[in-house]
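Remarks on the structure that follows.
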Amino acid sequence: MKDIYHYLSRCLGSKIRVKRKIKEIAIQLYTIDKGFKLGFLWDVGCLSMDEVRHLLDSLKQVNLLQNNLTVVQIGLESGADFGVCDVARWHGTVGQQSRPVFIDVSAEHSNPRTAHQRVITLHNELVDLLQARLAAINLGSSQHGSQSGKLPVTQIVQWPLGDDVCRTSAYGLFIGYPIIYWYDTANTRENCLSQVSLAIFQAGFKSHGDESFEPFISFSVPALLLQEAAVETAITSWKESVARNKLECVTFSKVLNTVIM
């Protein structure tokens, strides 16, 4: 990770002057490259999609990243959000058994609850769509690279989302959270998580010396749902993955007056 950080410092030092932001980018790219998480929503550094694409190209050329990382535009509108993911892992390991548990936090509910099957079906279709688009560019990149003898250029993949799609859920899918919040966006963007006890789960590299724990993935679960079978299974599977990767896991509780998504 340090090699990626030093390289990014040289490349981005004139554009991103806060070292902490460069370090965050380095950690996120490293963790995706090593398979510790599926994707990273690029909301740091004020870089455009093209700039990130060229940055990935340069990191691949100096062998600091594998060629599997690509840029995904989330939505089709101008100025859409985007992120970086591992094509092979997103396409190859996001199977039906490993798909997340959806929690319905729509404002009309008195308490959060596991989502209706229609919500799960909708998001399974979104996963299938992104997998198909990633598979197509992965095949094209492999063929181009083998013919030219050079590393293929990092492509930008579009993940079209309809107006009825809850963006919070789409972001959670892309990042790879085991528990994802969904709420009905038809009438309001409010939710029912205010004053609800939340169990926070975080994973990061194990601390050494004076280094503080810096999580690269963090998600929450309403405490009242922790005993639900599907939730319990998803959390157990996630913890086992964290242990296999020799990462540090931190859990704590939090109650917020207002939860903004």
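Tabulated values for the structure
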item	result
Residue 111-residue 61 pseudo-label distance in nm [points 7 Å out on the Cα-to-Cβ vector]	5.7 nm
The chain, relative contact order [Cα under 8 Å, separation at least 6], %	19 percent
Over the chain: helical MRE at 222 nm, DSSP H runs n ≥ 4 each giving -39500 (n - 2.57), nearest 500	-13000 deg cm²/dmol
Antiparallel %, DSSP beta bridges [both residues in the chain], to 5	75 percent
Apportionment of accessible area to carbon and sulfur, segment 109-261, percent (1.4 Å)	49 percent
Qualifying trypsin sites (Lys or Arg not before Pro) in segment 192-261, DSSP loop, other Cβ atoms within 10 Å at most 10	206, 246
Förster-model FRET efficiency, 22 Å R0, residue 255 and residue 230, C-beta, rounded to 0.05	0.40
For residue 203, net neighbour charge (Lys/Arg +1, Asp/Glu -1) across residues whose Cβ lies under 13 Å away	+3
Helix runs (DSSP H) in the chain reaching 20 Å along axis by Cα, Kyte-Doolittle at least -1.0	19-33, 117-148, 229-244
In Å², nearest 10: area of residue 6 left accessible to a 1.4 Å probe	100 Å²
Solvent-accessible area of residue 251 with every protein chain in place, 1.4 Å probe, in Å² to the nearest 10	80 Å²
Accessible area in the full protein assembly, largest first, 1.4 Å probe, for 185, 236, 258	258, 236, 185
Probe 1.4 Å, all protein chains present, accessible-area order of 153, 84, largest first	153, 84
Relative contact order [Cα under 8 Å, 6+ residues apart], segment 1-67, whole percent	31 percent
Cleavage-rule hits, GluC sites (Glu not before Pro), segment 166-261, DSSP coil, Cβ neighbours within 10 Å at most 13	211
Charge context of residue 47, other residues only, Cβ under 10 angstrom, K/R +1, D/E -1	0
Share of carbon and sulfur in the accessible heavy-atom surface of segment 40-81 [1.4 Å probe, %]	45 percent
Average accessible area per residue (Å²) across the chain - probe 1.4 Å, nucleic acids and ligands excluded	52 Å²
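The values are calculated or read from the model by the stated rules, or taken from the named source; none is laboratory data. These numbers come from a predicted model, not from an experiment. Virtual Cβ from ideal backbone geometry, glycine too; neighbours counted across all protein chains shown. The protein model used for the area step is the full one, side chains on, heavy atoms only, and it has no ligands, DNA or RNA in it. Shrake-Rupley method; radii C 1.70, N 1.55, O 1.52, S 1.80 Å.
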